[in-house]
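Beneath this line is the structure, given in structure tokens, with notes to follow.
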Amino acid sequence: MRKQVSRRKFLQVSSAAVWAAAAPVAAHAEALPRARGPFRGAFCLFSKAVPQLSWQELAQSAKRAGFGGIDLTVRGAGHVLPQRVVEDLPRAVAAIRAEGLDVPMITTELVAADDPTAVPILSTAGKLSIPFLKPGYAHYKFVDVRKELEEASNQLRGLVALAQKFGVQVGYHNHSGYIGAPIWDVARVIDTLDPKWAGYYFDLLHATAEGGGAGWKIAANLVMPRLKMLAAKDFYWEKKGAAGWQETVCPLGEGMCHYKEFLRMAASGGFHGPISLHLEYQIPGVSDEQGIALSREKDVEVMAAAQRDLDTLKSLVREAYEGA
């Protein structure tokens, strides 16, 4: 009996010694910096800002500005109308790819699988090997928000299931004023879906506006394992007379969004999906309050602003992924 006890104690002591020796190594390994490397995703121009440009002109202008892809609007008043998607999306994509750019994502108004344009849009996108789709927005009616959230969740489940059939991944956009603005709204349903086909199109501007101080960081941590695409834009709060405090969208890097910290999180998480640059701020005499060029003649000035923001974005991404 004494021999058995001694042997047991010997094993316990030996095991403790092994773990004690390994602990500093493990701690040192965790302290080591993560492997760095260049960002491999596409910097895309969100085509909303220059609706007057043809597909070829859009690609040429974006290429001159330094973009590698187009986030193409496939919705009402977009570059491709949903009712003509079967005919026009292949032509648009061909024109863009002919200029050396890609279309890694499309922006749509789809919220449910029973939308009559859902199958045409998804099937055509799948045939063209467009990997990512941004759906539309579900609204709170503020009558019974639990019921309204459940209805929106059921619609999202159906849309993701349909998109999966055509090989298209859905990235849910967190946009202020809609269901999903606080990420927790949709996390409970997205968590139940296949991460290959359902994830997030994360918008740091709206996460900051909704979450304030550290809210954006909580949201970013929540979405990181399922991050599909990023929206890049910036803002600050401004008091506007009787209207009170309002979000004022501004050039990238001039607002209150913590892009340096956030992009370090994205780099550590291994994100290499498309980043869509949005120009949603007004340039007096050039673009409206949504950042849309006032005329074809103003497209050049809008694209000049896009190039400046893109240069800022590339610098921030390079620092986060490769180090200063």
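A few remarks follow.
- In the context of the full set of protein chains, region 57-189 has a per residue accessible area of 43 Å² (1.4 Å probe).
- Surrounding net charge for VAL50, when Lys and Arg each add one and Asp and Glu each subtract one, Cβ distance under 14 Å: -3
- Positive-end residue of LEU310, THR248, LEU279, charge dipole of region 240-324 with Cβ unit charges: LEU310
- Diffusion coefficient, µm² s⁻¹, Stokes-Einstein with Kirkwood Rh over alpha-carbon pairs of region 234-288 at 37 °C and 0.692 mPa s: 246
- Annotation: per residue accessible area for region 207-272 equals 46 Å², rounded to a whole number [probe 1.4 Å, protein chains only].
- In the frame of its principal axes, region 192-307 has Cα extents of 45, 34, 26 Å, reported largest first.
- Legend: residue pairs LYS196/LYS228; LYS239/LYS314; LYS48/LYS239; LYS48/LYS240; LYS233/LYS260; LYS147/LYS228, Cα-Cα distance threshold 20 Å; pairs beyond threshold, LYS239/LYS314; LYS48/LYS239; LYS48/LYS240; LYS147/LYS228.
- Vicinal HN-Hα couplings computed from phi for region 66-71 (Karplus, 6.51 cos²θ - 1.76 cosθ + 1.60; Hz; Gly/Pro x): x, 6, x, x, 10, 8
- Most positive-pole-ward Cα, GLY269, LEU204, GLY291, against dipole of the chain from beta carbon charges: GLY269
- Its DSSP H runs of at least 4 residues, each contributing -39,500 (n - 2.57), put the calculated 222 nm mean residue ellipticity of the chain at -15000 deg cm²/dmol, to the nearest 500.
- Kyte-Doolittle mean at least 1.6 and Cα axial length at least 20 Å: DSSP H helices in the chain: none
- Counting all C-alpha pairs of region 40-163, share separated by more than 23 Å (%): 35
- Positive contributions from Lys and Arg (+1) and negative ones from Asp and Glu (-1), summed over other residues with Cβ under 13 Å from the Cβ of SER315, come out at 0.
- Peptides 164-170, 136-142, 290-296 ranked from most to least packed give 164-170, 290-296, 136-142, packing being the mean of other C-beta atoms within 10 angstrom over each peptide's residues.
- Over all directions, the projected convex hull of the C-alpha atoms in the chain averages 23.2 nm² in area.
- Region 73-230: translational diffusion in µm²/s, Stokes-Einstein, Kirkwood Rh over Cα pairs, 10 °C, 1.306 mPa s: 99
- Relative contact order (%) - region 134-287, alpha-carbon pairs under 8 angstrom, separation at least six: 18
- Carbon + sulfur, % of accessible area of region 186-324 - ligands and nucleic acids excluded, 1.4 Å: 50
- Our note on the geometry: Cα centres of region 199-277 and region 158-182, 18 Å apart.
- Ordering of 229-238, 148-157 by burial proxy (mean other Cβ atoms within 10 Å per residue, highest first): 229-238, 148-157
- For region 169-322, size of Cβ-based charge dipole, Lys and Arg +1, Asp and Glu -1, in debye: 400
The values are calculated or read from the model by the stated rules, or taken from the named source; none is laboratory data. These figures come from a predicted structure and were not determined experimentally. Note: ideal-geometry Cβ built from the backbone for every residue, glycine included; neighbour counts use all protein chains shown. Just the protein is used for accessible areas: all its heavy atoms, side chains included, with ligands, DNA and RNA removed. Shrake-Rupley method; radii C 1.70, N 1.55, O 1.52, S 1.80 Å.
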